[in-house]
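Some notes on the structure that comes next.
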Amino acid sequence: MTRIITILAVFSLLGMALLPTIESFSRIGIGIPSIPGSEGFVLLATLWVAFLGAILAARDKRLLALSQEAEYSENQPVSLRVLYSNTMTFMLVSVMTYASAGFVMENFAAETKVVPAPFWVVAVIIPIGFALITTSVFMVSPKNNLIRGSMILAVIIVAIMGYFELFTQANFFWMGIILILLSFPMGVPIFAVLGGIAMLILHYNDGTILAIANEAFTLTEKYEYATIPLFALTGYILAEGGAPKRLVGVFHNWFGWMPGGTPIAAALICAFFTALTGGSGVTILALGGLLLPMLREEGYPLGFSIGLITVSGSLGLLFPPSLPLILYGVRGGTAMQLGIDKIFQAAFVPGLILIGLVSLWGIRQSYISKVERSSFNLNRAVKSIWSAKWEVVIPFLILISILTGFTRLVEVAAMSAVYSLIVEVYIYKDLKLDDLYKVVAKCAKFVGGILIIIAMAKALNMAFVDIDFYKTMINWIENNIHNKFVLLLALNIFLLIVGCLMDIFSAIIIIVPLISQLFRSSAFSMFGEFSEGGIAVMLGLQAVHIAVIFIANLELGYITPPVGMNLFLAAYRFDKPLSRIYRATLPYFLILLFGVMVITYVPFVFPGLLPGIESSSTDSDGDGMPDWWEKAYMLNVNEDDSGKDPDKDGVSNLEEYKQDSNPQKSPELDESG
């Protein structure tokens, strides 16, 4: 079974890369024919890769969680943490299996525009995926009668409580919320926590838990979700090939002669890989084993070196084509009239500032440790960059393609993956075709864990809309905060907490709708029309500035003790206790905190807020979406999209299904929650 799932995941992901690439070349007029239905396949494959990858991640116990699961030994008594985390995970995913099966059955005969096939053919992977994840959770749990008995008993109890609708009572509802929140730091997967809270809120609010499966299905709505696995595949192919050694050589030869040259090179190479993969954890795991020995050989202390690599893993999030930047622009772009190209422009210099601050700390340490500097050799430096020429140009090719609108965004992501594959397999020959299968499978596990989190984060976002959470928060802000700097300070503190408790993708899905409300007046209409703007506009804040602050704070949250996600990944990669990782990263945390304050309160230090940037994208139809944005996502530039039905998931009666099952449901805004 595992082999079949792996093969399906690998071929789905490779198909996602090949078909848009062929489609792009077919428009050039060089005789390559277009493949009918390729666009629908990419959307379908995104959903399937999400669940196939999540199944594989569950079998390997690699689903993203706030903390590592506690170890279990048969010779020791069962710890409360092991018992609780396994029981909660199994119970929550079991309920998701029930909800998604009901969703598919209720919409069994519905039509879909994703591919020319019945709805159930497209959506069946959702209940199958949750069911196999549930099975995997049970199979990899400790072989202990108490633990496994507790898992089964919890499902029975919750089923009985659900049948008698006890969770619609306030006492049981809050008890459920508390129990799920307590499981968060104990190693329960993030998607299970988000989905569990969403189901409780929907059920309590007279909704239907079946709606969470609908939010998973919306991964087939937009092409930007397909860019996540495709850009991640690019990064994985490069990381598993010889690219890290060649690129380390480039940065070392060009910067090694400087004081702190090797730490500077390490920061740059980590930023490079994180920008491509969108996951700082991938960078730590892929490059940690290469960079740590290099730093240690030159005489840098162990704590300094571990801290540098841990922190540098997130430095690339502010550089194109960073997936969080793209997702932020898509999630809040329409509501805040903010194009992705403007975010790219605004974030570039702040990203350099953060790298510069980390580099200064590296220079300081080089003097303290009395590290000998190598002499600069122009010939060697040129040879190193020539040796890595096929890889060095990748981010520039991606950036040029995105900003010029030469190709659609999903095609840029697909072509970058195919290009990386050709470079590593056929030009450098660092990877063989057998190796490629393993690399793609590993990537599928990673993106499956990410996409299923995004799906459940969207479900939680829908639940928040149901209970008017965003409206309540905005009303409180409008009534209590009347100063620009107080609002920015509150935003910094809030985002820092979010950054260390939540992965960046689910944070964008859940929090950006709240941020976007700050730029919209209470008179904002359901058709996307603006009046005078919200509290942020009245206080003189710009959406592009808030976007950079948002990503920078979440970047810092990754290394915020005690639960920053990169801290756990570093402890795993370098086999060190968390206390040691805390001490190693504390100086960098303070340095980057200073950098975030500069970005927040000294906005003129980067060109993203200079005159002209806010209007850099033409909007010829006046619908709030720049022409560049509409081209990238295959919308009609000359057509007003603002009054359209936001539900484009291909199920013709899905909106009616929502309304029938939940008459009191508030309509979810398309891009902003």
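The values are calculated or read from the model by the stated rules, or taken from the named source; none is laboratory data. Bear in mind the structure is a predicted one, so any value in this text is a computation, not a measurement. No Cβ is skipped: glycine too gets one built from the backbone with ideal geometry, and neighbour counts run over all protein chains shown. Side chains included, ligands, DNA and RNA excluded: accessible areas come from the protein's heavy atoms. Shrake-Rupley method; radii C 1.70, N 1.55, O 1.52, S 1.80 Å.
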* Accessible surface of residue 174 in the full protein assembly, 1.4 angstrom probe, to the nearest 10 Å²? -> 150
* To do: Report the accessible area of residue 416, computed with a 1.4 Å probe over the heavy atoms of all protein chains in place, in Å² rounded to the nearest 10.
  => 10
* Mind listing the long-range amide H neighbours of residue 65? Cut-off is under 5 Å, sequence gap 5 or more, other chains count too, H placed in the peptide plane at 1.01 Å from N. => 190
* Asked: Say the cut-off is 27 Å between C-alpha atoms; which of 222/389; 342/484; 342/438 go over it?
  -> 222/389; 342/438
* To do: Output ³J(HN,Hα) for segment 475-491: one whole-Hz value per residue in order, computed from phi by the Karplus curve 6.51 cos²θ - 1.76 cosθ + 1.60 with θ = phi - 60°, and x for Gly and Pro.
  => 4, 5, 4, 4, 7, 10, 10, 10, 10, 4, 6, 5, 4, 5, 5, 4, 5
* Asked: residue 252: net charge of surrounding residues, Cβ under 13 Å, Lys/Arg +1, Asp/Glu -1, itself excluded?
  -> +3
* Per-residue HN-Hα couplings for segment 492-498 [Karplus 6.51, -1.76, 1.60; θ = phi - 60°; Hz; x = Gly/Pro] -> 4, 5, 4, 5, 5, 5, 4
* Asked: For segment 176-229, what relative contact order do you get, as a whole percent, if you take Cα pairs closer than 8 Å and at least 6 residues apart?
  -> 23
* Structure fact -> With all protein chains present and a 1.4 Å probe, the order of 143, 438 from largest accessible area down is 143, 438
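Where does the charge balance sit around residue 383 when Lys and Arg score +1, Asp and Glu -1, over other residues with C-beta under 12 Å from its C-beta? Intermediate results must be reported in sequence, preceding the final value.
Values: positive: 246, 380, 389; negative: none.
Net charge in that neighbourhood comes out at +3.
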* To do: Find how much the distance from residue 590 to residue 471 grows on full extension, using 0.36 nm per residue of separation minus their present alpha carbon separation; answer in nm with one decimal.
  => 39.4 nm
* Structure fact -> Scalar couplings 3J(HN,Hα) for segment 454-459 by Karplus 6.51 cos²θ - 1.76 cosθ + 1.60 (θ = phi - 60°), nearest whole Hz, x for Gly and Pro, are 4, 4, 6, 5, 5, 5
* Structure fact -> Among trypsin sites (Lys or Arg not before Pro) in segment 337-425, those in a DSSP loop whose Cβ has at most 15 other Cβ atoms within 10 Å are 370, 373
* Dimensionless Rg over Rh [segment 1-63; C-alpha; Kirkwood] -> 1.13
* Asked: How much net charge surrounds residue 414 when only the other residues with a Cβ under 12 Å from the Cβ of residue 414 are counted, with Lys and Arg +1 and Asp and Glu -1?
  -> -2
* To do: On the full set of protein chains, 1.4 Å probe, figure out the accessible area of residue 484 and give it in Å² to the nearest 10.
  => 60
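Restricting attention to segment 362-445, which GluC sites (Glu not before Pro) occupy a DSSP loop and are surrounded by at most 14 other Cβ atoms within 10 Å?
372
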* Arrange the residues 219, 360, 19 by how much accessible surface each exposes, largest first, with a 1.4 angstrom probe. => 360, 19, 219
